[in-house]
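The block underneath contains the structure these notes are about, expressed in structure tokens.
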Amino acid sequence: MTLPGSPFLSRRDGALTLDGVALQALAERFGTPLYVYSQAAMLDALAGYQRALAGRRHLVCYAMKANSNLAVLQTFAKSGCGFDIVSGGELRRVLAAGGRADRVVFSGVGKTRAEMRFALQAGVRCFNVESESELRRLSAVASDVGVTAAVSLRVNPDVDAGTHPYISTGLRENKFGIAHDHAVAVYRLAASLPGLRVAGIDCHIGSQITQVAPYLDALDRILDLVEEVEAAGIAIDHVDLGGGLGITYTDESPPRPDELVSQVLARMDARGHGRRELLLEPGRSLVGNAGVLLTEVLYLKPGEAKNFCIVDAAMNDLMRPALYEAWMAIEPVRERQGQRQRWDVVGPVCESGDWLGRERELAVDEGDVLAVLSAGAYGMAMASNYNTRPRAAEVMIVGGEAVLVRERERTTDLFAGERPLPSVG
């Protein structure tokens with residue numbers, strides 16, 4: 001039996017496996033909560049982009065905010081990926097994982113002077129600049145460092161990606177990017193400032209996008225701008241269409257990466273822009289369906305209005321349900337015979353918003369292990385230590401073997417940098 005979302009997740013004799021490895025055994029070996037990833041699933045998702053882009057000037061930059069574990073970054077770096085980063089800390093992770101700075105694009109609305117300086121000294125490929133103020137600051141920092149910063153302006157195309165408002169980034173009311181109508185003027189400014197070199201144009205319209213049409217709408221608006229900017233005498237070498245392609249959590253049917261890429265390339269060719277380098281920044285679509293979160297059932301608490309299945313993972317381990325009311329499939333790791341009941345799967349954190357799934361039909365008992373599916377993106381990356389809860393361990397399945405790629409935190413790690421007040425009186 002193959003489950004929705006990933007061909008690498010299946011049941012064998014009732015036992016849930018990821019990439020052929022029994023998840024129950026991993027829960028017993030490493031404890032819970034536990035994130036488990038399949039390297040093969042990640043590489044399979046990446047191959048969809050790479051096949052479609054073969055023979056074209058391109059760079060796939062993994063949007064590492066989705067999952068920044070060093071083993072994940074190492075996997076993509078060895079496969080030829082660049083990286084889309086949004087902080088100096090993410091750049092340090094890329095370098096620690098063996099990634100190349102000259103294959104990094106630095107995005108984000110709030111880059112600090114220190115981050116700019118570090119990125120310039122490291123030799124990042126390009127800065128995706130999001131405001132005139134940032135452009136002037138980058139010019140000053142680059143001039144001080146004595147290097148030229150390649151820049152790509154992130155333009156807000158005012159395209160509705162049809163996604164959750166918290167992860168929509170391409171509308172004029174969003175904080176991201178430079179207004180489409182103002183972009184040519186800002187390109188003129190960029191071309192006039194010292195320490196800067198115009199390299200490309202960038203947009204990103206949102207996340208968990210399940211249709212191709214919004215991408216093509218955004219691309220058309222971006223290519224219109226490219227033609228205006230080049231008519232003003234400023235060359236544009238690359239087009240960065242961002243990321244945001246969705247995955248299947250429940251019944252979504254997002255296009256495959258090759259479907260998206262083929263239509264994007266066809267539109268660029270039809271408009272005479274096939275010579276330009278294409279940059280893409282996929283995140284969730286590379287790692288989302290490659291991971292699961294394992295959690296043990298602590299208590300069953302039936303009630304008159306609700307039945308609560310209390311587990312040892314909480315909103316600090318997996319924020320998406322609490323933050324977005326995101327629906328994520330929940331499956332018993334070992335199928336149990338018996339009557340299914342409707343449960344709210346909740347964690348131990350002292351918040352009513354601490355839930356992983358509501359109204360789930362499960363045959364479950366205390367001590368069972370549940371798997372939250374499609375948890376490879378924005379799971380561990382958004383985890384916190386709320387309620388002084390150590391973050392989970394992470395395991396990656398590589399060639400059929402489970403490798404611990406992040407140790408479980410200890411409680412003492414959480415306050416190791418704190419200092420009590422000195423004694424008084």
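Coordinate-derived values only; no laboratory data. The model shown is predicted, which means the values in this text are computed figures rather than measured ones. Cβ placement follows ideal geometry from the backbone for every residue including glycine, while neighbour counts extend to all protein chains displayed.
Local charge for Leu323 was computed over the other residues whose Cβ lies under 15 Å away, with Lys and Arg +1 and Asp and Glu -1, and equals 0.
Between the Cα long axis of helix 257-270 and the first principal axis of the chain there is an angle of about 10°, rounded to the nearest 10. Note on Thr388 and Ala305: the model spin-label points, each 7 Å out from Cα along the C-beta direction, lie 3.2 nm apart. When the Gaussian network model of the chain links Cα atoms closer than 10 Å, the mean-square fluctuations of Val372, Val145, Val21 top out at Val145. Counting Lys +1, Arg +1, Asp -1, Glu -1, what net charge surrounds Asp13 among other residues with beta carbon under 12 Å of its beta carbon? Counting the neighbours of Asp13, the net charge comes to +2. The C-alpha atoms of the chain define a longest principal axis, and helix 113-122 lies at about 80 degrees to it. Given Met116, Gln208, Ser143, which one lies farthest toward the positive end of the charge dipole of segment 107-282, if we put +1 on the Cβ of every Lys and Arg and -1 on the Cβ of every Asp and Glu? The residue sitting most towards the positive pole is Ser143. Protection proxy ranking, highest mean first, for peptides 52-60, 76-84: 76-84, 52-60, where packing is the per-residue count of other beta-carbon atoms within 10 Å, averaged. Toward the positive end of the charge dipole of the chain, with +1 on the Cβ of Lys and Arg and -1 on the Cβ of Asp and Glu, the farthest Cα among Ile234, Phe415, Leu46 is that of Ile234.
Take each of the peptides 285-298, 255-268, average the number of other beta-carbon atoms within 10 Å over its residues, and list them starting from the highest.
285-298, 255-268
With kT/(6 pi eta Rh) evaluated at 37 °C and eta = 0.692 mPa s, and Rh the Kirkwood radius from Cα pairs, segment 198-270 diffuses with a coefficient of 248 µm²/s according to Stokes-Einstein.
Subtracting the Cα-Cα distance of Arg117 and Asp258 from 0.36 nm times their residue separation leaves 47.1 nm of extension gain.
Between the amide H of Val395 and those of Tyr35, Val36, Tyr37, Val405, distances stay under 5 Å, these residues lying 5 or more places away or on another chain, with hydrogens modeled in the peptide plane.
Summing Lys and Arg as +1 and Asp and Glu as -1 over all other residues whose Cβ lies under 15 Å from the Cβ of Ala191 gives a net charge of -1.
Among all lysine pairs in the chain that are eight or more places apart or on different chains, how many have alpha carbons less than 19 angstrom apart? Number of lysine pairs found: 4. With 0.36 nm allotted per residue and the present C-alpha distance subtracted, the Ala363-Val109 stretch has 86.8 nm of extension available.
From the alpha carbon centroid of segment 1-73 to that of segment 265-311 is 11 Å. The long axis of helix 132-145 is offset from the longest Cα principal axis of the chain by roughly 80 degrees. Over all pairs of different C-alpha atoms in segment 107-282, the reciprocal of the mean inverse distance, the Kirkwood hydrodynamic radius, equals 16.6 Å.
What you get for segment 107-282, charging only the Cβ of Lys and Arg (+1) and of Asp and Glu (-1), is a dipole of about 720 debye around the Cα centre. Pairs of C-alpha atoms in segment 31-71 farther apart than 16 Å represent 51 percent of all such pairs.
Dipole of the chain, Cα-centred, from +1 at each Lys and Arg C-beta and -1 at each Asp and Glu C-beta, to the nearest 20 debye?
1000 debye
Could you check which residue among Ser253, Ser152, Ser139 shows the biggest mean-square fluctuation in a GNM of the chain with a 10 Å Cα cutoff? Taking springs between Cα atoms under 10 Å, the residue moving most is Ser253.
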